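Visitor: Dropping the structure in here first, questions after.
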Amino acid sequence: QVQLVESGGGLVQAGGSLRLSCAASGRMFSNYAMGWFRQAPGKERDFVALINWSVGSTYYSDSVKGRFTISRDNAKNTLYLQMNSLKPEDTAVYYCAAKNGISIATLEKAYDYWGQGTQVTVSS
């Protein structure tokens with residue numbers, strides 16, 4: 001079983017920055033990718049970014065490309081999401097997730113493990 005625990009959310013003004021962390025523990029897949037999703041009130045959970053854990057290649061949604069950066073620290077088994085130039089529309093609960101295999105996947109159903117989420121609120 002894999003446990004994912006997010007942290008780093010909070011309240012920030014538009015134009016500001018936040019860095020989210022996701023600590024992973026337990027027995028992970030041999031080849032896997034991890035991603036970030038977000039869910040705004042009354043909306044579906046949307047894909048944000050993905051990273052191939054072993055190679056480090058990344059993939060982003062168009063809405064965050066150029067503003068957000070996904071990265072990982074292999075030694076700490078921790079995933080990060082650096083969020084810059086934040087906008088009010090970035091307000092959501094942010095979730096990290098892990099999937100078996102390294103293919104790009106933007107749908108929730110492709111992911112096997114999920115964290116509990118961390119709230120990000122961007123004020124205008």
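Visitor: How many residues, within segment 58-79, are among the polar types (S, T, N, Q) and in contact (Cβ under 8 Å) with a residue 40 or more places away in the chain?
Guide: Counting residues in segment 58-79 that are among the polar types (S, T, N, Q) and in contact (Cβ under 8 Å) with a residue 40 or more places away in the chain gives 3.
Visitor: Same structure again: Can you run down the residue pairs with Cβ atoms below 9 Å, 6 or more apart or on separate chains, where the first is in segment 80-95 and under 16 Å from residue 23 (Cβ atoms) and the partner is among the acidic types (Asp, Glu)?
Guide: The qualifying pairs are 80/73; 94/6; 95/6.
Visitor: A further question on this structure: Sort out which residues of segment 97-120 are part of a strand (DSSP E or B) and within 15 Å of the chain's Cα centre (by Cα), and write them in order of number.
Guide: Residues satisfying the conditions are 97, 98, 99, 113, 114, 118, 119, 120.
Visitor: Continuing with this model, one more query. Residue 101 is checked against (1) closer than 16 Å to residue 19 by Cα; (2) touching a residue at least 60 places away in the same chain (Cβ under 8 Å) and fails just one. What number does that condition carry?
Guide: For residue 101, the exception is condition (1).
Visitor: Still on this structure: Residue 94 fails exactly one of the following numbered conditions: (1) under 12 Å from the mean Cα position of the chain (by Cα); (2) loosely packed, with under 14 Cβ neighbours inside 10 Å. What is the number of that condition?
Guide: (2)
Visitor: Let me ask you something else. Spot the failing condition for residue 3; the list is (1) open to solvent by 10 Å² or more (accessible area, probe 1.4 Å); (2) closer than 19 Å to residue 86 by Cα, and only one is missed.
Guide: (2)
Visitor: If you don't mind, there's one more thing I want to ask. How many residues does segment 44-57 contain that are surrounded by fewer than 17 Cβ atoms within 10 Å (Cβ to Cβ), touching a strand residue (DSSP E or B) at 6+ places or on another chain (Cβ under 8 Å) and among the β-branched types (Val, Ile, Thr)?
Guide: Within segment 44-57, residues that are surrounded by fewer than 17 Cβ atoms within 10 Å (Cβ to Cβ), touching a strand residue (DSSP E or B) at 6+ places or on another chain (Cβ under 8 Å) and among the β-branched types (Val, Ile, Thr) number 0.
Visitor: Filter segment 58-91 down to the residues that are out of contact with any Ser or Thr (no Cβ under 8 Å at 6 or more places or on another chain), of a type in the set (D, E, K, R) and surrounded by 16 or more Cβ atoms within 10 Å (Cβ to Cβ) and list them by number.
Guide: Result: 90, single match.
The values are calculated or read from the model by the stated rules, or taken from the named source; none is laboratory data. The structure displayed is predicted, hence computed values, not measured ones. All Cβ positions, even for glycine, are placed from backbone atoms using ideal geometry, and neighbour counts span all protein chains on display. Just so you know, the surface numbers come from the protein's heavy atoms only, side chains and all, with ligands and any DNA or RNA stripped out. Shrake-Rupley method; radii C 1.70, N 1.55, O 1.52, S 1.80 Å.
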